[in-house]
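Heads up: the structure comes next, in structure tokens.
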Amino acid sequence: MEADRVIDAERAAWLESRLRSVLGSRVRSDIAERALYASDASNYRVVPAMVATPANVDELATIAALCGEAGMPLTMRGAGTSIAGNALGSGVLVSTRSLARIIAIDPEAQAAVVEPGVVLDDLNRVAAAHGLRLGPDPSTHSRCTLGGMIGNDACGAHSVRWGTTAQSVLSLDVIRSDGTTVLGGDDKSGVAVIVEVLRALREEGVPHGDLEVVFTICEEVGLLGAKHLDYGRLRAREGISLDSDGPEEIIAEAPAACRLEFRVHGLAAHAGVRPEAGISAIRIAGEAIARMRLGRLDQESTANIGVIEGGKATNIITDFVLVKGEARSHDERKLARQVAHMQRRFQHSARRHRVERDGQVIAGRVEETVSRDYPRLRLTPDLRIVRLIAEAGRRLGREIGVRRTGGGLDANIFNDRGITVATFGTGQHEIHTLNEYLNVPESLRAAELMLECIRLNAA
């Protein structure tokens, strides 16, 4: 038990440091704050490791992602009115008191969009102006929050007639995986937006010109669908791609990338009887990687080693290892320098390892393959497709920005093949992780923006 507590303390310290880099002083672990949140309306008492107060839903998503990475329990808390201890937890306790916006009320649909920290009475006061109120009426209505009511399925004296909270919820903004697999929002959400736009065009009779729809496959493993597309079948010379997170930004720049494969050759020997007669390919690779510049190199460049394969048994000096990596940069010269650097590290490491066997000196060696993965993408503000998206956004009352990304896009390939393609997001977040989620309102905004682009293009 003592060892477990030490591990938990180290994990909590790491998590608190990461959370403070995002939330600042809105993460607290002092004993006074923890004591305030150690009890609720129940008879239980559980002291949390820390208390976090997000100011917006993006910060809330970050907290959840970091807790998942740290393996730390996360408990959401509204007003703490539950009598079953639901608002208590030993890990990170998240207070929703700052997430208290009533975003919209639609009298015709008899629906409201709210954040989880909205108090029930506050919602009912605003809704009363439209002759509406929320059905459930628990005794704690003056302080209980909508998030807590959803979690508890709050009822009240009139719930038999007016329904429980669960019966009153039309939808929730966030779709998540169950934590054991990725959601696949990258880029199934793009497919969903396209299908929704096509449905709206048909059902609403929206005027439009000729449209060509392309569903590319295998984007994640090297933009293969875009690379192997028969471009002779397309008449369009410009288009829009749906990928990434926010729908209010055009991705105007994406890096070029190279893939690297290193086949490391050592010399097999018995690891227990005669290890000095062998050359470990694992050691050659390990020393090369340890001396390599990896991760975020600068604001334009990244590099990564992503695959290492090799070895047959623990009692054999490994004679072969396969290593795969990549380098990316918005600057072609920096990309070339990083690729050369990674090659040198492997060659230098291999030459350092040699043995003499039967009067012959044998050295480690490395075979390498470098291939261009995709070219750089750079769109200028004067391009027609960029101006079209910006104008469509203005007509919807939105300001469309531009940004660069560190990821490769199908648009890299389309633009290289002579079709000017701009990209905006679909509400996918925390991609390539078990914490991936889809922000549904952002997906709807992406569909609206695409629909307006089509209308504007036909005008």
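The values are calculated or read from the model by the stated rules, or taken from the named source; none is laboratory data. Computed from a predicted model, the values in this text were never measured in an experiment. With ideal geometry, Cβ positions are generated from the backbone for all residues, glycine too; neighbour counts draw on all protein chains shown.
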Given (1) under 21 Å from ALA154 (Cα atoms); (2) within 21 Å of the chain's Cα centre (by Cα); (3) at pLDDT below 90, number of the condition VAL94 does not satisfy: (3)
State yes or no: is ALA422 under 20 Å from VAL386 (Cα atoms), out of contact with any strand residue (DSSP E or B) (no Cβ under 6 Å at 6 or more places or on another chain) and either of a type outside the set (S, T, N, Q) or in a helix (DSSP H, G or I) (or both)? no
What about GLY71, is it surrounded by fewer than 22 Cβ atoms within 10 Å (Cβ to Cβ) and either outside the structural domain of ARG34 (by TED's automatic domain parsing) or touching a residue at least 60 places away in the same chain (Cβ under 8 Å) (or both)? yes
Return only the number of the condition from (1) closer than 21 Å to GLN347 by Cα; (2) surrounded by 20 or more Cβ atoms within 10 Å (Cβ to Cβ) that ILE251 does not satisfy. (1)
Quick one: is LEU297 in contact (Cβ under 8 Å) with a residue 24 or more places away in the chain and under 21 Å from GLU367 (Cα atoms)? no
What number of residues within the stretch 151-182 satisfy the criterion of being surrounded by 14 or more Cβ atoms within 10 Å (Cβ to Cβ), at pLDDT below 75 and not in a loop (DSSP other than H, G, I, E, B)? 4
Select, from ASP243, ASP230, ASP210, the only residue that is of a type in the set (Asp, Glu) and either over 32 Å from the mean Cα position of the chain (by Cα) or within 28 Å of GLN343 (Cα to Cα) (or both). ASP210
Result of the Cβ filter at 7 Å on the stretch 154-170, keeping first residues that are touching a residue at least 40 places away in the same chain (Cβ under 8 Å) and of a type outside the set (Val, Ile, Thr) and partners that are surrounded by 11 or more Cβ atoms within 10 Å (Cβ to Cβ) and not in a helix (DSSP H, G or I), at least 6 apart or interchain, is LEU170/ALA111
